[in-house]
Each structure stands twice: as C-alpha cells, then as structure tokens.
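Have a look at the structure below, then the notes.
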Amino acid sequence: MQLGLVGLGKMGFNMRARLRERGHDVVGFDPRPEVTDVASLADLAASLAAPRAVWVMVPAGEITRSTIAELASVLEPGDLVIDGGNSRYTDDRGHADLLAAHDIAYLDCGVSGGIWGLEEGYGLMVGGADADVARAMPIFDALRPDGPRAGGFVHAGPVGAGHYAKMVHNGVEYGLMQAYAEGYELLEAEALITDVQGVLQAWTHGTVVRSWLLELLAKALAEDPEFAEISGYTEDSGEGRWTVQEALDHAVPAPVISAALFARFASRQADSPAMKAVSALRNQFGGHAVRRAGQSGTVRPPGQSGT
C-alpha cells in the first residue's frame, strides 16, 4: 500500500522504515531536508496516487491542527488522513469535520511503542468509521507487533476513541512508572540490598510485577548505576493531565494516576514552597526541628527536643 507520512521525528522516522521493510511504498515529508522525501505537503500529495492515505505524526496541538488544515487544501475527495500523534481526543471531531467538508475521511490513531517500535512493533488504538479502518488495515497490520491482531491493535470506536484510549493508556503508564520508581528508591535506601539492579532484573521474569517498563528500568540502571548521569527533573507530555481531568469529569477515582502526575510536578522544584510551608507549620505547632536554607543541619527551637 502507498502512504504519505508527515513528520519524521523519533517515531515517524522509524515507522517509515518499518513500513518500507514490510513492502509498503512510503513517501515522507518533514521540514528537515536531511530526512524528507519531498519538499512540501503539496509535493507529497502530488507524489501519491489517488485515493491517497496520509499519516500525520507531528506534535499535538497547533502543529497538528495547521498540518491537517493544509492537507485539506492539497488533498482531494476520497482521500484519507490519519492523525497518529498524541492529539487530545476533543480535537478529533474538529479535524474530522474540517476534512469532511472536502470529502476527505479521517481516523485518529493512538500509537504506543516509542523508539522500540521499529523492531517490536507499535500498539495501535484507532477511532473512526469501519470502512476507513478497513481501508488502512494493511498499514496497521505492518506497524503493529507480530502475532494475533487483537494483541496490538484495536478499533476502539468512532472518531476520538483512539486518542481517548491512548490518553488513558498514558495515564496508566504514569502510575506504573511511579510505582517502579518508588520501589527502586526503597531498594536503594536499604543497606541489606547490595544489588539493586539485580533485584529489578530478577523481577522481569516470573513475577507478577514483570513488564516491559520494568525491563527498561533494569536496563537503564545497568547502563547508568545510581542514575548518576541524569537529574530527577521530569516533564509531563499532557496526557497525564488530560487523564486526571477526565477522571474529574466522570467522577472516577484515580488516586494513583493523579499522584504520579503531581510527583512529576514536585520533581521540578529544587526547594518546594509547599514543603517549606509544611516544615514551618510543624515547627509552629509542634516545635519540630527545621532545616534552614543553605544549611545541612537542623535547627531546634529553644527548650525543644526533636520527636
């Protein structure tokens, strides 16, 4: 099958390679001349035979919106656009309506797999009409992991369902990563444990907490013992916030995902104002020791013994 692919970043570049390895004709466009196959979206459209299929793999938000708007102007009736980025599901209806005004079909596809997708395949969660999904199925089958289709692909529902499923997937990922990270820190804190990396490695097979994320954590620790080369500052990419907002809107308790999101916020504070307030309050009501700014020790109020 022939496919236009817009966005050749960390994932898009590998997706193009995987599709080509599996016999598909992929024409890629990216603003970077060293990776692109064509000079513009108009050239991309001209290089594809009608009816065209174009996969958009660019950052969520305004870049995706402007890309889809430009595609609407260069594609033709009967073509298909697939948004495979991490767009918020609430954007999908607007994208679909914009393209429908030009008789262009639309699918939203949540994609998981990161930089490992080239070899392992990508988990795909798709939203849209049955006929449009069937039309793009050769591409989905080439991108997903080998094995039964249901093990790495789902047609989750109508337009918006794919990105909603991916949003929740990433929220769950936040919670899993936080749990593994806290387990790592607890192992690291105990002198009885002399091989932290070995413990994590041993968990990767046979235990009930085994997972690909755990394998990656063990691998990362083997490559950089005690994570000496990185800081604890951790970004959030948006989906965690969106998942927590959906939990609020649906009145679904999500304490683990919420706590994992807030832990990322805390990671960016070298000296948390909130924890300063907690320390001050403990000192005020209980006379508990506080650590002064710029000091390594603690200061106790006169006549108080720390408890």
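The values are calculated or read from the model by the stated rules, or taken from the named source; none is laboratory data. Model, not experiment: these values are computed from the prediction. Positions of Cβ are generated from backbone atoms using ideal geometry, with glycine treated the same way; all protein chains shown enter the neighbour counts. Calculation scope for accessible area: heavy atoms of the full protein, side chains included, ligands and nucleic acids excluded. Shrake-Rupley method; radii C 1.70, N 1.55, O 1.52, S 1.80 Å.
Give the accessible area for Trp212 in Å² (nearest 10); use a 1.4 Å probe, count only protein heavy atoms, and leave out ligands, DNA and RNA. For Trp212, solvent-accessible area is about 110 Å².
Round to the nearest 0.05 the FRET efficiency obtained for Ala49 and Ile115 when R0 = 41 Å and r is the Cβ-Cβ distance.
0.85
For Ile230, the solvent-accessible surface computed with a 1.4 Å probe is close to 110 Å², ligands and nucleic acids excluded.
Give the distance, in whole Å, between the Cα centre of segment 1-79 and the Cα centre of segment 214-251. So the separation of the two Cα centres works out to 30 Å. Here the extension length gained between Glu229 and Met137 equals 28.9 nm, from 0.36 nm per residue of separation less the Cα-Cα distance.
Summing +1 for each Lys or Arg and -1 for each Asp or Glu among the other residues whose beta-carbon sits under 15 angstrom from that of Leu261 gives -3. Tell me which DSSP H helices of the chain clear both cut-offs, 24 Å or more of axial length from alpha-carbon atoms and a mean Kyte-Doolittle hydropathy of at least -1.0. The qualifying helices are 161-189.
If the segment from Arg149 to Leu186 were pulled out straight at 0.36 nm per residue, it would be longer than the present Cα-Cα gap by 9.4 nm.
Computed log10 I(q)/I(0) for segment 80-146 at 0.28 Å⁻¹: -1.24, from the Debye equation with unit scatterers placed on every C-alpha and solvent omitted. A Cβ-based charge dipole, computed about the Cα centre of segment 4-157 with Lys and Arg at +1 and Asp and Glu at -1, lands at about 300 debye. A simple spin-label model places pseudo-atoms 7 Å from Cα toward Cβ; at Arg93 and Ser66 they are separated by 2.6 nm. If you take every DSSP beta bridge fully contained in the chain, what fraction is antiparallel? Give it as a percent rounded to 5. Beta bridges within the chain, antiparallel portion: roughly 25 percent.
Take 186-192, 66-72, 130-136 and order them by the average number of nearby Cβ atoms within 10 Å per residue, most first; the result is 66-72, 130-136, 186-192.
A 1.4 Å probe, protein heavy atoms only, puts the accessible area of Phe265 near 60 Å². Can you pull a Stokes-Einstein diffusion coefficient for segment 115-251 at 4 °C (1.567 mPa s), Rh from Kirkwood over Cα pairs, as a whole number of µm²/s? This corresponds to a translational diffusion coefficient of 74 µm²/s. With both labels modelled 7 Å from their Cα along Cα-to-Cβ, the Arg282 to Asp25 distance reads 6.8 nm. Translational D (Stokes-Einstein, µm²/s) of the chain at 4 °C and 1.567 mPa s when Rh comes from the Kirkwood sum over C-alpha pairs? Answer from the Stokes-Einstein relation: 58 µm²/s.
Applying Stokes-Einstein at 20 °C and 1.002 mPa s to the Kirkwood radius of segment 126-177, computed over alpha-carbon pairs, gives a translational diffusion coefficient of 180 µm² s⁻¹. Taken about its Cα centre, the chain carries a charge dipole of roughly 960 debye when the Cβ of each Lys and Arg holds +1 and the Cβ of each Asp and Glu holds -1. Normalised by the number of residues in the chain, the mean separation of alpha-carbon contacts (under 8 Å, six or more apart) gives a relative contact order of 11 percent.
Each 10 Å bin from zero holds the following percent of Cα-Cα pairs in segment 56-105: 28, 61, 11.
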